[in-house]
Amino acid sequence: MAQNIPVAEIRRIIENIIKGMDVGRTPDYTPQEYKGRKLIGIFSDMNEAIDAAEKGYRAVRDMTVEQREKIISEIRRLILAEADNMAELGVFETGMGKVEHKRLKHILVAEKTPGTEDITSVAKTGDNGLTLIEMAPFGVVGAITPSTNPSETVLCNSIGMIAAGNGVVFNPHPNAICTSNYAVDLVNRASAAAGGPEVLVCSMVKPTMESAAIMQSHPKIKLLVCTGGPGVVKAVLSSGKKAIGAGAGNPPVIVDDTADIRKAGKDIIDGCTFDNNLPCIAEKEVFAFRSIADELISEMQRNGAYLITREQAERLIPVVLKEKTDKSGKTVKTVSRDCVGRDADVLLSKIGINVGKEIRCIICETEFEHDFVQHELMMPILPIVRVDNIEEAIDLAVKAEHGNRHTAHMHSKNIDNLSAFARAVETTIFVKNAPSYAGIGFGGEGHTTFTIAGPTGEGITSAKSFTRQRRCVMADSFRII
Ligand code: NAD
């Protein structure tokens, strides 16, 4: 039987075994324990978790802003100290992504997630006195987090939500529960070390759809924040509570004939392969002007891309997309969880192509209708569609984005083309002439987030997204001029 297993797959299995031996890790973590140490803030019952998070919220309410900031500084310090650990744990538990890239994502969270400075008050004065507008916490936030950036999302959400003065209960993705709960424990350790409550944020031993449903309908939960695919965002937005929805994307890239093709080829492959394409902002399909497409493809190949034929791409479709019947009896294709976030060589080995680890992306030429263009694959496979002009490029790219209004990218020096695409696609993030991750502050200006709320409009969420406005009016007094 052994001769039927592709070489790359055998290599991957051996690497995982060695990695497990190196860190002495294999079974010594659970959703409640890490190397024999009990994780703090992890509950078996969602109602108990919510009660504990409410106590955390009450404690934060009694703190000064300076005390809150102390806890946040300690969270940042621990993230930097434990970034390697969480990156390894995330890859090990989920089988997805790349350790080095997950490490960089944690550092980004520690360094570029805004804290209490993000919350600002407004004073209005006039003939009728002084009105003060302050941004208050909601109370206890119920947060649903994905498997693709598990600890990154828990930590980024925690910093913003605590800065805003909230308590938090998480219902993390079941496939990343140990990694997510490690991050919950880190926040609680930071809180205790900085003089805050022992349990500030909470999570579940075994999060389920049922525990998510309890959270969504619990009277103590005042705000829901959901980071995930379309199903879960829809469920949360139908809850009847105030909700922030950060949903799916399918970011298109346009490359026109004025672009620096050498840079575009490198930037696109760097962005597309970052954490094996798990970030929702990562490049998912390319629309290239016919006149520069060959050059773009060879630049991509120079940067670790492997070009497969149309026939090989057809064989890869049933490997990465599985057919299933939806509730209405229609056959639909969904991404294979065994392929999401996997290395390019592992995916290629599944169709009998054996390459080394230097190959980090699979590229192929396709038509617009191709499954690789239409589905959000979240793996290093990048389809390239040739187009004749900017009108065709924009038309197809907007259609491929499916109205998610999430993220789009463009490589061009023509400001009319750049402006036309940005206006047409209406995405929350639009990155020009850079890898996708510049859009979340990695090599680009601006703060970071792992919860990009397109559907509900908060955008690149930060502490102020988790606040509610309150007004205090003093009529006819307190004006000093
Ligand atoms: P997913 O959608 O499979 O699951 C997210 C979480 O929701 C999990 O905890 C899951 O158990 C839970 N869940 C699913 N359906 C639910 C329901 N009906 N009610 C309650 N809970 C439910 O997430 P994933 O596969 O880990 O993440 C990938 C998806 O998330 C992609 O579509 C990606 O684009 C998107 N995403 C978006 C952002 C953003 O900021 N906009 C960030 C990360 C991921």
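The values are calculated or read from the model by the stated rules, or taken from the named source; none is laboratory data. As the structure is a prediction and not an experimental result, all values here were calculated from the model. Here the Cβ positions follow ideal geometry from the backbone for every residue, glycine too, while neighbour counts run over all protein chains shown. Heavy atoms of the whole protein, side chains included, go into the accessibility calculation; ligands, DNA and RNA do not. Shrake-Rupley method; radii C 1.70, N 1.55, O 1.52, S 1.80 Å.
Annotations for the structure displayed:
- Residues that are part of a loop (DSSP other than H, G, I, E, B) and in contact with a strand residue (DSSP E or B) (Cβ under 8 Å, 6 or more places away or on another chain) were ranked within the stretch 236-246; the one that is nearest to the ligand (Cβ to nearest atom) is 239.
- Yes/no for residue 434 being more than 16 Å from the ligand (Cβ to nearest atom) and closer than 15 Å to residue 398 by Cα: no
- Out of 81, 87, sole residue that is farther than 26 Å from residue 272 by Cβ and among the small types (Gly, Ala, Ser): 81
- The lone criterion from (1) in contact (Cβ under 8 Å) with a residue 24 or more places away in the chain; (2) more than 9 Å from the ligand (Cβ to nearest atom); (3) more than 22 Å from residue 414 (Cα to Cα) left unmet by residue 233 is number (2).
- Inspection of the stretch 208-218 identifies no residue that is under 27 Å from residue 103 (Cα atoms), within 14 Å of the ligand (Cβ to nearest atom) and in contact with a strand residue (DSSP E or B) (Cβ under 7 Å, 6 or more places away or on another chain).
- Looking only at the stretch 136-149, residues that are crowded, with 24+ Cβ neighbours inside 10 Å, over 8 Å from the mean Cα position of the chain (by Cα) and farther than 15 Å from residue 168 by Cβ come to 1 in all.
- Some residue of the stretch 255-262 being open to solvent by less than 10 Å² (accessible area, probe 1.4 Å), more than 18 Å from residue 374 (Cα to Cα), within 9 Å of the ligand (Cβ to nearest atom) and not in a helix (DSSP H, G or I): no
- Whether a residue is near the ligand (Cβ under 9 Å from one of its atoms) and outside any strand (DSSP E or B) was assessed, and residue 153 passes this test.
- Test for residue 53: is it among the aliphatic types (A, V, I, L, M) and open to solvent by less than 70 Å² (accessible area, probe 1.4 Å): yes
- Each residue in the stretch 441-461 was checked for being within 24 Å of residue 234 (Cα to Cα) and within 12 Å of the ligand (Cβ to nearest atom), and 12 of them qualify.
- Pair list, Cβ < 6 Å and 6+ apart or interchain, from the stretch 90-113 residues that are closer than 12 Å to residue 152 by Cα and charged (D, E, K, R) to residues that are open to solvent by 20 Å² or more (accessible area, probe 1.4 Å) and assigned to a helix (DSSP H, G or I): 103/84
- Count - residues of the stretch 284-312 that are open to solvent by less than 30 Å² (accessible area, probe 1.4 Å), outside any helix (DSSP H, G or I) and of a type in the set (Val, Ile, Thr): 2
- In the stretch 428-478, the qualifying residues are those that are among the aromatic types (Phe, Trp, Tyr) and part of a loop (DSSP other than H, G, I, E, B), and the one that is most open to solvent (accessible area, probe 1.4 Å) is 478.
- Checked against the criterion of being at pLDDT 95 or above, of a type in the set (S, T, N, Q) and open to solvent by less than 50 Å² (accessible area, probe 1.4 Å), the candidates 64, 94 yield just one match: 94.
- Filtered residue count, the stretch 313-332, keeping only those that are farther than 17 Å from residue 273 by Cα, surrounded by 16 or more Cβ atoms within 10 Å (Cβ to Cβ) and not small (Gly, Ala, Ser): 2
- Across the stretch 99-135, the qualifying residues are those that are away from the ligand (no atom under 16 Å from the Cβ) and of a type in the set (D, E, K, R), and the one among them that is most open to solvent (accessible area, probe 1.4 Å) is 127.
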